Amino acid sequence: LHSLRLLFFPFPLASTLLVSKLFIMSLRSSLQKAPSSARSLGVIFEDELAPIKEAPPIDFRKTEVETIQKVLDRIDQVSAKRISEGFSKRNFMLGVLNYLFLAFILGAFPQHFWLCYIVEMIILLPMKISDSSKSKPLCQILYYLDYCWVMNLSFMAIGVALVMDASTDKSILSDEMRASLFVTVYGISCGPLLGATIVLPFVAVVFHDFIIMTGLFIHILPPMVLYTIKWHYQDIHDAWPRLFKLHYIQDVQFFPSDSKFIIPGTGLGTIAGNTIFIYFLWFVPYVIWMLVWGMNLPRKQRTHKDGTVTTLTPMYDTVFHATVRTGLTAVAGKALWGRPTGVSRVQMENDDYETRDFLVYMTMHAILACSAVYILAYPCYISQTFHTIMLIFLTVICVARGAERYVYYVCEMYSRAVRKDFAELMEEKSIKT
């Protein structure tokens with residue numbers, strides 16, 4: 001019996017060892033396929049039993065904690081900056097409701113839409129002007145000398161004049177003056193302003209930001225107001241008979257009868273003639289002012305022809321400088337003058353641009369503004385369908401730009417800020433590696 005026990009004992013023992021071995025191999029395979037967090041919950045086998053890893057040094061863990069804290073602090077700074085700029089639930093809600101309200105009035109009560117423009121400008125313009133005057137590092141108050149702002153301020157003055165005229169017993173504005181105002185405002189709104197809405201990337205629907213929304217409204221609302229006046233003039237006249245005397249609309253001419261080619265100062269009394277004349281009435285003084293004073297205002301230093309450099313203290317910004325410092329100078333300088341990109345970058349850093357850069361910029365400004373009269377304003381005037389399609393198109397592209405901005409806020413803004421702040425640290429790490 002003892003011999004039989006010795007004979008058969010190794011078999012259960014071998015079976016047990018074999019089963020144990022298979023279990024260990026199976027468990028190891030499962031742990032390797034599982035996530036690292038799951039593997040860390042059990043025993044990690046190295047053969048049958050792995051040695052326990054040592055904890056990282058205290059100094060190493062302290063460095064990690066400090067780095068993480070810096071990242072969190074930077075994220076908090078970015079969040080606080082956005083909140084201070086109006087990124088809040090309340091502002092977003094008001095922005096959405098305001099945009100929906102404007103769309104509703106435009107569709108349901110077009111005869112009253114002009115009131116929306118007046119009210120929006122009365123509320124938003126003072127806020128925008130106050131913000132521009134306090135902007136840092138450069139004051140942006142001179143932005144209001146730009147064409148789009150000057151035209152909208154003029155529209156507001158015309159609206160006030162019409163209201164005052166309607167409130168008096170005897171009308172001061174003659175029918176000829178009213179017709180002249182209409183053709184001028186129509187050409188500007190459905191020409192240069194509509195075209196600017198298409199090409200300017202910062203004209204976007206960003207509901208929470210009243211600064212951006214003000215820039216949107218000065219471009220997109222005038223074409224909408226003139227849509228209602230042109231295609232719903234009878235409804236507007238019936239609702240506001242003393243304010244809008246629009247019986248002359250059917251007799252308005254877009255081009256002079258003798259020629260469609262407009263030289264500034266010719267064809268007055270027509271939409272194209274008045275629009276182009278008013279544009280150059282703004283253009284010439286603005287160019288002179290920029291060449292004499294404006295070009296020097298944002299400069300940090302000026303390089304003279306003899307090579308000497310003068311350090312300046314900039315205080316004010318202009319629309320030209322804000323536009324070209326985004327990289328347009330480098331592209332245009334290389335394409336037009338063969339200027340090295342490095343030289344253009346130095347110019348952008350110091351806001352020290354060449355006079356020829358400004359003259360090219362203003363020449364393109366004039367070409368696009370005058371072209372918009374022919375390409376956009378004229379089709380809008382002769383076709384309600386085209387005018388409607390253009391308003392829908394403007395809304396779509398402005399909403400798309402706003403959506404792109406919100407994607408940046410949600411997905412990219414924080415990572416870019418952190419990467420920018422830790423760029424030097426990451427570069428040192430890559431060099432060491």
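The values are calculated or read from the model by the stated rules, or taken from the named source; none is laboratory data. Note that the structure is a prediction, hence the values are computed from the model and not measured. Don't worry about glycine lacking a Cβ; one is built from the backbone with ideal geometry, like all the others, and counts go over all protein chains shown. Please note that ligands, DNA and RNA were not included when accessible areas were found on the heavy atoms of the full protein model with its side chains. Shrake-Rupley method; radii C 1.70, N 1.55, O 1.52, S 1.80 Å.
The set of residues in region 179-206 that are under 21 Å from the mean Cα position of the chain (by Cα) and open to solvent by 10 Å² or more (accessible area, probe 1.4 Å) comprises Pro192, Gly195, Ala196, Ile198, Val199, Leu200, Pro201, Phe202. For the criterion of being surrounded by fewer than 18 Cβ atoms within 10 Å (Cβ to Cβ) and over 30 Å from Pro110 (Cα atoms), Trp231 fails.
Residue by residue, here is whether (1) over 26 Å from Ala366 (Cα atoms); (2) not basic (Lys, Arg) holds:
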residue: Lys134; (1), (2): yes, no
residue: Tyr144; (1), (2): no, yes
residue: Tyr147; (1), (2): no, yes
residue: Leu162; (1), (2): yes, yes
residue: Leu173; (1), (2): yes, yes
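Listed by first and then second residue, the pairs linking a residue in region 238-261 that is at negative phi and aliphatic (A, V, I, L, M) to a residue that is surrounded by 11 or more Cβ atoms within 10 Å (Cβ to Cβ) and modelled with pLDDT of 90 or more, with Cβ atoms under 6 Å apart and 6 or more places separating them unless they lie on different chains, are Ala239/Gln111; Leu243/Leu162; Leu246/Tyr233; Leu246/His237; Ile249/Tyr233; Val252/Val183.
One residue stands out in region 134-154 among those that are assigned to a helix (DSSP H, G or I) and open to solvent by 60 Å² or more (accessible area, probe 1.4 Å): the one that is farthest from Ala372 (Cα to Cα), namely Lys134.
I'd like to verify a number: residues in region 277-318 that are open to solvent by less than 30 Å² (accessible area, probe 1.4 Å) and of a type in the set (A, V, I, L, M, F, W, C), how many? Counting residues in region 277-318 that are open to solvent by less than 30 Å² (accessible area, probe 1.4 Å) and of a type in the set (A, V, I, L, M, F, W, C) gives 4. Screening the candidates Leu226, Leu173 for the property of being of a type outside the set (Phe, Trp, Tyr) and without any contact (Cβ under 8 Å) to a residue 40 or more places away in the chain yields one hit, Leu173. Are any residues in region 328-379 polar (S, T, N, Q) and open to solvent by 60 Å² or more (accessible area, probe 1.4 Å), and if so, which ones? Hits for region 328-379 are Thr355, Thr363. Among the conditions (1) surrounded by 16 or more Cβ atoms within 10 Å (Cβ to Cβ); (2) within 24 Å of Met164 (Cβ to Cβ), the only one that Phe254 does not satisfy is (2).
Checked against the criterion of being of a type in the set (Gly, Ala, Ser), closer than 30 Å to Gly273 by Cβ and in contact with a Gly (Cβ under 8 Å, 6 or more places away or on another chain), the candidates Ala372, Ala366 yield just one match: Ala372. The helices (runs of 4 or more DSSP H) found wholly in region 260-354 and carrying at least 3 residues that are more than 26 Å from Val150 (Cβ to Cβ) occupy 341-350. Among residues of region 66-109 being in a helix (DSSP H, G or I) and aromatic (Phe, Trp, Tyr), the one that is farthest from Met213 (Cα to Cα) is Phe104. Checked against the criterion of being closer than 21 Å to Phe277 by Cα, open to solvent by 20 Å² or more (accessible area, probe 1.4 Å), assigned to a helix (DSSP H, G or I) and at pLDDT 90 or above, region 207-221 has no qualifying residue. Of the set (1) closer than 19 Å to Tyr186 by Cα; (2) part of a helix (DSSP H, G or I), all apply to Lys245 but (2).
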